[in-house]
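**Q** Sending over a structure as structure tokens; questions will come in a sec.
The values are calculated or read from the model by the stated rules, or taken from the named source; none is laboratory data. Being a predicted model, the structure only gives us computed values, none of them experimental. Neighbour counts run over all protein chains shown; Cβ positions are idealised from the backbone, glycine included. Heads up: the accessible areas ignore ligands, DNA and RNA and are worked out on the full protein's heavy atoms, side chains in. Shrake-Rupley method; radii C 1.70, N 1.55, O 1.52, S 1.80 Å.
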Amino acid sequence: MLVSAGANRSWLFVPGDRPDRFARALGSGTHAVIFDLEDSVAEGQVETARRSLSQLLSADRQVARVQQLVRVRESAPYPRLHADLAAVVHPGLDGLVLPKVDDVRVIVSINAALDVWESLRGLAPGQTRIAVLVESPSALMVAAELAGASPRLTALCFGAEDYATATGLAADDSSAGLIHARAELAMASHAAGVEAVDMVSREFRDLEALQRSVRRGRSLGFSGKLAIHPDQVATINAGFRANAAEVERAQRIVQAYDDAGLDDRGVMSVDGEMVDAPVVERARQLLADAERP
């Protein structure tokens, strides 16, 4: 399965009220850090978390290539979201992660709110991106619509725990029900041209189990995976990166096609297999992705 070039392979959650963990998360090698204001922050610590994130995101960027996102406490109604946006919409924020969204109107409303906050904070219009957590059957049914609700939207992520609770399934990535749902979400993401981000795996000490989970997610069409511990990042990044054999084959395909001087409709054989333009394009994408850290 080809990983889309430019996709964030790893998305690491870190509690927003634990500033002592921020530096390790940002230096873990992950492509995106999700500072959490939702499930991992107790009610009594929310204001502390908002202050910590406001301070972090107002400052100069420490690690430029790491995406900095915040999972807000609630996506709707807007008055409950207002305090989160006031705290985190700053130059250091790359995007929001929206929990429990199953209505396009919520994204439209947040898009409009971000227009205002960006203007107030002197930020470029559209700078703040959106990733949506799909956490219920109703959200899955409208995933493609959610993905197209705003030009800010760049990723759909599978929230396994809440989805499992809503359906009575085990929150296990080998569950047939979850496999079906995740495949649907990955295809909706590809159809909309946004990143497809797989569920969290609880294994951060059993790296072989995590490797199996990554392989399964990649086979379903996901381009990356949520993480809950820095020790998961290297395994996730490696699992969504083309291996040496895949890179070598892609190089042979591209070289042979270029040497033959074929156009977009040409067909030839490489290693006994038919190669046409779509195969070559996938090979080129794979090579481009393999060059990323």
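**Q** Per residue, how many Å² of accessible area does region 150-225 show with a 1.4 Å probe?
**A** 42 Å²
**Q** Then there's this: Find out how many positive minus negative residues lie around Val46, taking Lys and Arg as positive, Asp and Glu as negative, among other residues whose Cβ is under 15 Å from that of Val46.
**A** -2
**Q** Could you give the length gained on full extension between Ala176 and Gln127, defined as 0.36 nm per residue of separation minus the Cα-Cα distance, in nm?
**A** Full extension of this stretch gives 13.8 nm more.
**Q** When a/c is below 1.5 the answer is rounded, else prolate if a/b is larger than b/c, else oblate, so apply that to region 113-178 with a ≥ b ≥ c taken from the square roots of the Cα gyration tensor eigenvalues.
**A** prolate
**Q** Can you tell me the accessible area per residue over region 1-113, all protein chains present, probe 1.4 angstrom, in square angstrom?
**A** 41 Å²
**Q** With all protein chains present, how much of the accessible area of region 101-232 (probe radius 1.4 Å) comes from carbon and sulfur, to the nearest whole percent?
**A** Summing carbon and sulfur atoms, their accessible area is 53 percent of the total for region 101-232.
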